[in-house]
Amino acid sequence: MDRFLNVLICPHQRRKHVQAELERLTPGVIYMGQLDMSELPLYQMEWAERREGVFVRWPRSILDTSMPRILSGRLNCAILLAYVCDETTWGYALYYKGSPVDNFRAVPGYLQDGFADDTPPERRAARLAQYFPANKEDIQAYLIPWTQSDLEGSGAPAHSTDTHPRGDCWQLENFLNTLVPWTHGMLTSNQLSPTAAAPVPDPSSPRENAPDRGRGQRPPEREPAPDNCLPLLTEVKALRRGWPFPLSLLYALLPKKRPAPEVIPHQGWTARELEHILDRFCGGALDRLELHFTVQEEGAYIRRLRKTVCQSFRLTIVLIREGRRCMCLVLDDQNSGVYRLIADRKTYMTVDSKDLEQTLFHGQRVEQYVVFQRPRPDVIHQEVNFLLARLDCRDDALSPTTRMGVWSSQVPMANTQAARKQHQELRQLWCME
């Protein structure tokens, strides 16, 4: 059942660019939880393109609040997601360059997801007016949460010319007409164009069946497999379970007291052994698992030497367990970056960075949203395999913009000597050196 009628407004964009980025989301983003981008209903989307921007409409059983955020980051622009829920209430979420700007619901507690925001209407109107050609005073009247009397049918229109009063979910149409005049009537229009399907080759056409003489007939590329990383694997360390004492307290009391790891021989490993060691951690047999790799950057051609010179760097995937809690992080020496697998996607996507809660994990203060409160072998195993298959192009696999909501990154703006020194200190904290 489709609870939501979603509307996406992309000012100053072209349909071909927006649709191309939406199509890229399907294989490029892995969701942890009830949201699954592989089920993004592109075929249900209806489009309208104007000189001022792009309007998209589609029904959905869940609220796609993360999709417009990713899209705004990729297109480097403002994106407004507006929606009608259960034909009872309406709301919107505004994003700019991958960051949340504003979030409004006419009935804040309707979805029962803990949403609470008492931002005054004047401030909301000012935020919207930064990205849309609307008068702040004209849109301010729509941004007041409904009262119980509004829901019972006693609400008045925001403006005398409006066709829908407060308490009517289709007040969204009046709001959009005022905020984005070029979308007038599109919310309920039956004149929008459907998503164009990819053209089907005509089997009877000589042109379609003729070989490509320029590039040759090439078979489709296979999906990368986790064993692609095995030639780069240099060391495997593990720590068996057996420390009933709380490790966070142990490390806090005795910072230098670290249990000795076991070095596991990995020569001759195949994908089977790699899967087995990950299963041991996810199944609870190991408290820690470290996979160390040596990766190379793109070579630079040195004219004096008449050859291409490559530099090697260390990259480590660290899986840590403390009781029932788990954490997964990646340490990349090439850019002095630290990446943490996100456990609580909702908090990461919706809570302001200054309001994020921290927790103590293995003696270190970390954001709570990167600590899994219970074992999630489906998530951890799946995402580690995804990364292992793409170590040679890990920038895309770990990108917080391309795959927003999967990894959080801590990467310095410039890889200076001070940044490299700080990175080595973090490596000493998290790795069993």
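The set of residues in region 65-103 that are open to solvent by less than 20 Å² (accessible area, probe 1.4 Å), within 16 Å of THR350 (Cβ to Cβ) and touching a helix residue (DSSP H, G or I) at 6+ places or on another chain (Cβ under 6 Å) comprises SER66, ILE79, LEU81, TYR95, GLY98, ASP102. Would you confirm whether or not region 374-384 contains a residue that is over 29 Å from THR270 (Cβ atoms) and open to solvent by 40 Å² or more (accessible area, probe 1.4 Å)? Yes, region 374-384 contains at least one residue that is over 29 Å from THR270 (Cβ atoms) and open to solvent by 40 Å² or more (accessible area, probe 1.4 Å). The residue of region 302-316 that is surrounded by the fewest Cβ atoms within 10 Å (Cβ to Cβ), among those that are assigned to a strand (DSSP E or B) and at pLDDT 75 or above, is SER312. The residue list ASP287, ASP352 contains one member that is charged (D, E, K, R) and closer than 20 Å to VAL236 by Cα, which is ASP287.
Looking at region 178-194 only, could you name the residues that are part of a helix (DSSP H, G or I) and closer than 19 Å to GLN13 by Cα? Selection gives LEU179, PRO181, TRP182, THR183. Screening GLU23 on (1) modelled with pLDDT of 85 or more; (2) open to solvent by 50 Å² or more (accessible area, probe 1.4 Å); (3) not in a strand (DSSP E or B) shows it passes everything except condition (1). Checked against (1) touching a strand residue (DSSP E or B) at 6+ places or on another chain (Cβ under 7 Å); (2) surrounded by fewer than 16 Cβ atoms within 10 Å (Cβ to Cβ), THR163 passes all but a single condition, namely (1). Here VAL366 meets the list (1) under 24 Å from PHE293 (Cβ atoms); (2) outside any strand (DSSP E or B); (3) aliphatic (A, V, I, L, M) almost entirely, failing just condition (2).
Exactly one residue out of ILE79, ILE70, ILE139, ILE62 is over 23 Å from GLU173 (Cβ atoms) and of a type in the set (A, V, I, L, M, F, W, C): that is ILE70. Test ALA252 against the criterion of being at pLDDT below 90, over 25 Å from ASP395 (Cβ atoms) and outside any helix (DSSP H, G or I), and give yes or no. Criteria not met by ALA252. If you go through region 165-177 and keep only what is part of a loop (DSSP other than H, G, I, E, B) and charged (D, E, K, R), you end up with ARG166, ASP168.
Criterion applied to GLU208, GLU221, GLU235 was being at pLDDT below 80, outside any loop (DSSP other than H, G, I, E, B) and not aliphatic (A, V, I, L, M), and the one residue passing it is GLU208.
Of all residues in region 385-401, those that are touching a strand residue (DSSP E or B) at 6+ places or on another chain (Cβ under 9 Å), touching a residue at least 60 places away in the same chain (Cβ under 8 Å) and open to solvent by less than 20 Å² (accessible area, probe 1.4 Å) total 5. Quick check, is GLU52 surrounded by fewer than 19 Cβ atoms within 10 Å (Cβ to Cβ), touching a Lys or Arg at 6+ places or on another chain (Cβ under 7 Å) and modelled with pLDDT of 90 or more? Here the answer is no, as GLU52 does not meet what is asked. Once region 403-428 is narrowed to residues that are closer than 24 Å to VAL379 by Cβ and of a type in the set (A, V, I, L, M), the residue that is modelled with the highest pLDDT is LEU426. Out of region 351-367, which residues are modelled with pLDDT of 80 or more, surrounded by fewer than 17 Cβ atoms within 10 Å (Cβ to Cβ) and either hydrophobic (A, V, I, L, M, F, W, C) or in contact with a strand residue (DSSP E or B) (Cβ under 6 Å, 6 or more places away or on another chain) (or both)? Once the filter is applied, which keeps residues that are modelled with pLDDT of 80 or more, surrounded by fewer than 17 Cβ atoms within 10 Å (Cβ to Cβ) and either hydrophobic (A, V, I, L, M, F, W, C) or in contact with a strand residue (DSSP E or B) (Cβ under 6 Å, 6 or more places away or on another chain) (or both), region 351-367 yields LEU356, GLN358, LEU360, ARG365, VAL366. Based on what the data block shows, is ARG340 under 24 Å from PRO261 (Cα atoms) and either charged (D, E, K, R) or surrounded by fewer than 20 Cβ atoms within 10 Å (Cβ to Cβ) (or both)? Considered against the rule, which asks whether it is under 24 Å from PRO261 (Cα atoms) and either charged (D, E, K, R) or surrounded by fewer than 20 Cβ atoms within 10 Å (Cβ to Cβ) (or both), ARG340 comes out as yes. With respect to the stated conditions, TYR110 fails to be more than 25 Å from PRO59 (Cβ to Cβ), under 26 Å from the mean Cα position of the chain (by Cα) and open to solvent by 40 Å² or more (accessible area, probe 1.4 Å). Entry remark, region 402-431: residues being open to solvent by 70 Å² or more (accessible area, probe 1.4 Å) and either among the acidic types (Asp, Glu) or touching a Leu at 6+ places or on another chain (Cβ under 7 Å) (or both) number 1 in total.
The values are calculated or read from the model by the stated rules, or taken from the named source; none is laboratory data. Note that this is a predicted model, so its numbers are computed, not measured. FYI the Cβ positions are ideal-geometry reconstructions off the backbone, even for glycines, and counts take in every protein chain you see. Heavy atoms of the whole protein, side chains included, go into the accessibility calculation; ligands, DNA and RNA do not. Shrake-Rupley method; radii C 1.70, N 1.55, O 1.52, S 1.80 Å.
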